[in-house]
1. Quick check: from the Cα gyration tensor, does segment A:1-81 come out rounded (a/c under 1.5), prolate or oblate?
2. Please give, to one decimal in nm, the separation of the simple spin-label points placed at A:R301 and B:R53, each 7 Å out from Cα toward the Cβ.
3. Which percentage, to the nearest 5, of the DSSP beta bridges contained in chain B is antiparallel?
4. Along the Cα→Cβ direction, 7 angstrom out, place labels at B:D206 and B:V261. What is the inter-label distance in nm?
5. Please figure out what share of the DSSP beta bridges in segment B:1-149 is antiparallel and state it in percent, rounded to the nearest 5.
6. With bins 5 Å wide starting at 0, give me the P(r) of segment A:157-248 over every alpha carbon pair, in whole percents.
7. Given C-alpha coordinates of the protein assembly as shown, what is the ratio Rg to Rh with the Kirkwood estimate of Rh?
8. Once the label point is placed 7 Å from Cα along Cβ, list for B:P9 the distances to the corresponding points in the other copies, in nm, shortest first.
There are 2 protein chains.
Amino acid sequence: MENFVYHNPTKVLFGKDAEDAVGREIVPYAERVLLHYGQGSAEKSGLLGRIRRSLDEAGVAYYELGGVMPNPRLSLVHEGIDICKKNGIGLVLAVGGGSVIDSAKAIAAGAPNSDNVWDYFSKQSKPKAVLPVAVVLTIPGSGSESSQAAVLTNEETQEKLDFGNDRLRPVFSVLNPQLTVTVSPYYTAMGIADAMAHVMEAYFTDTPHVDVTDRMCEGVLKSLIKCGYMVREQPDNYEVRAEIMWASKVAIDGTLDAGRVGDWGSHYIEHEVSAAYDVAHAAGLTAVLPAWMRYVYQHNRDRFIKFAMRVFNIEYDPDDPDMTVLKGIQSLKDFFRLMGLPVSLRELDITDKKELDKIAENAERHGGGSIGHFVELKKDDIRAILELAF
Amino acid sequence: MENFVYHNPTKVLFGKDAEDAVGREIVPYAERVLLHYGQGSAEKSGLLGRIRRSLDEAGVAYYELGGVMPNPRLSLVHEGIDICKKNGIGLVLAVGGGSVIDSAKAIAAGAPNSDNVWDYFSKQSKPKAVLPVAVVLTIPGSGSESSQAAVLTNEETQEKLDFGNDRLRPVFSVLNPQLTVTVSPYYTAMGIADAMAHVMEAYFTDTPHVDVTDRMCEGVLKSLIKCGYMVREQPDNYEVRAEIMWASKVAIDGTLDAGRVGDWGSHYIEHEVSAAYDVAHAAGLTAVLPAWMRYVYQHNRDRFIKFAMRVFNIEYDPDDPDMTVLKGIQSLKDFFRLMGLPVSLRELDITDKKELDKIAENAERHGGGSIGHFVELKKDDIRAILELAF
């Protein structure tokens with residue numbers, strides 16, 4: 001096990017009607033907030049109305065900025081930063097899923113500083129201060145409600161980059177599973193896949209002696225798969241939505257990757273695919289991840305055997321250990337497919353290969369010369385994985 | 001799943017030589033601390049010397065109070081409170097295992113207030129303020145390094161009671177597995193059993209739809225059992241010590257019991273056994289827990305079948321489901337026995353039954369009329385469990 005620091009102070013308010021507490025939870029942090037949200041569903045559902053009422057009751061003033069799109073954009077973040085600077089905003093309140101939360105984190109990082117917020121994502125500088133962020137989660141999966149990371153797209157340069165800072169972990173997050181009952185089957189499936197991918201980035205490691213976190217990872221994966229089957233049959237079952245919501249939070253809150261060096265290569269490849277084609281993050285992941293697994297498994301076959309046996313109950317075949325691995329990968333693809341998710345780039349309507357070289361080049365460059373820790377991937381490796389994913 | 005609030009802000013510094021950071025981690029909290037420890041092992045090993053040096057280097061002044069015994073005593077807590085009051089202490093630094101940490105928490109609760117600290121444990125009043133607590137852990141198991149609870153013995157009244165307060169979670173805890181390599185086999189075994197018992201108190205619940213946390217609980221239990229076998233063979237293996245240390249923290253930090261109503265009946269029975277006979281907490285638990293399981297399993301047999309199947313790989317027997325349960329309980333006893341732990345009250349040198357009635361009465365009374373949530377236990381139930389445990 002590696003040395004590590006674990007510190008996740010995000011307070012989670014979990015359960016029915018939990019958003020009613022938003023106003024009074026904000027009081028210790030700020031008198032004026034930026035209410036940040038997406039493209040209308042939170043307004044239509046009445047959620048934003050309830051949140052405004054809660055803020056009013058607590059005497060918290062608010063400015064609003066909606067319009068966050070999947071793969072959130074730098075331009076809107078600049079708008080948010082301007083509003084914060086002009087109005088002495090003390091906290092950014094995100095109401096939405098991962099895209100809204102990431103956009104809010106970027107605004108919170110930029111607002112108290114004079115440099116360009118994109119410099120943080122391109123690792124040119126670091127924020128001196130950040131505003132606190134709080135969350136009312138409507139689509140689980142990203143785990144951004146309790147993580148220190150954000151991903152942002154610069155639409156001018158067509159770059160999609162991530163940025164992490166411990167002070168960006170939300171001070172509190174409201175997780176009310178009721179709010180997720182109306183999430184469409186496709187977005188629900190993507191949320192489950194995103195959470196699974198986070199666990200798998202931690203799981204595929206070369207760090208030895210990580211049995212406790214291995215077992216916890218496997219448990220969360222098994223539960224998410226079970227939830228995947230159940231939520232298709234019973235989309236309005238509160239209990240299944242609650243399990244998905246808690247599992248997605250645990251998947252990336254620091255518990256499962258404690259003392260492990262995770263990989264994150266698939267995520268970096270996916271970011272480049274999304275930047276080039278504007279596909280949804282999780283859909284890109286389900287296309288890339290099985291190809292990545294197939295490309296790298298020989299590096300530590302036993303770990304992939306463990307995955308196949310413990311997550312998908314594949315029987316170990318001593319006569320053909322590779323087949324055990326491949327059955328595990330196939331089971332994962334079958335699950336994604338059953339959930340209606342793409343398992344190839346073609347299914348994402350990427351129909352010719354001419355962008356693949358550029359995607360591979362960008363991934364290598366943005367990774368500072370390579371990506372991944374379990375296996376270090378250079379341009380040619382990434383190109384080969386994209387070929388397998390095609 | 002039940003509604004819940006999860007908030008565990010304890011910062012964990014995990015790994016080799018992690019205690020070197022103690023001084024500078026304290027600086028934001030206090031200029032003067034109470035250095036609180038046990039009966040000499042931390043002095044002999046040189047750990048206290050290193051901590052004093054770290055405090056000196058950071059410019060943190062310290063007063064000292066050693067002598068904490070297993071089942072920590074109220075009288076020493078009063079001494080600590082006096083030192084804090086007289087010297088304007090700003091933080092209590094515990095160097096030791098669960099007993100030292102619990103004693104430190106009691107001091108931290110009492111120091112800033114004028115009422116008797118025992119009133120908090122007997123639920124007569126609540127502290128208005130508490131001092132921050134920090135920890136350098138030397139014996140894992142209690143999980144007190146990240147929990148909000150403490151257990152204290154009033155030697156005058158022969159009462160052993162618990163007290164919980166969210167503000168008593170340590171602000172930071174140093175977890176260096178190197179410090180635990182010299183823990184004796186018996187104390188190591190007790191630590192593992194204590195952590196397992198914490199997981200099991202969460203596991204045996206009537207809350208439906210808790211699959212994610214069920215799976216995580218089972219994973220942590222399986223890992224602790226594996227570590228139990230390994231640490232007997234390789235007591236100085238850092239990696240095994242690291243796994244035990246992280247598992248014990250996770251076992252009671254709020255992750256595994258999120259949204260569940262735990263039981264804690266066995267713990268309350270054990271507290272009374274310890275109060276009457278001064279046995280070590282975990283040794284009392286391993287004697288009581290299997291008897292509790294046997295007494296209550298019919299209440300929700302399927303949960304005990306799940307435990308047997310998933311934790312001990314017992315095959316489900318459709319012709320005799322009870323046998324599946326009983327094999328699971330027997331496997332747990334076999335594991336405890338292999339670790340050199342008592343599985344009956346007799347093995348704790350409790351040789352006559354005349355105290356059992358009083359223990360049962362006290363447990364019922366201190367529980368406010370009953371104990372346990374999975375099954376509510378009255379005096380006669382507790383007496384019957386003690387009989388099974390004899």
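Nothing in this text is a laboratory measurement; each read-out follows from the coordinates by a stated rule. Here the structure is a predicted model, which means the values were calculated and not measured. When we count neighbours, we look across all protein chains shown, and the Cβ atoms used for this are built from the backbone with ideal geometry, even at glycine.
1. Because a/c hits 1.5 or more and a/b fails to exceed b/c, segment A:1-81 counts as oblate.
2. So the two model labels end up 4.9 nm from each other.
3. 25 percent
4. Spacing of the two 7 Å Cα→Cβ label points: 0.6 nm.
5. That works out to approximately 0 percent antiparallel.
6. In whole percents, the pair-distance histogram is 3, 12, 19, 18, 17, 17, 10, 5, 1.
7. Taking Rg over the Kirkwood Rh, I get 0.97.
8. Taking the point 7 Å beyond Cα along Cα→Cβ, the inter-copy spacings are 0.5 nm.
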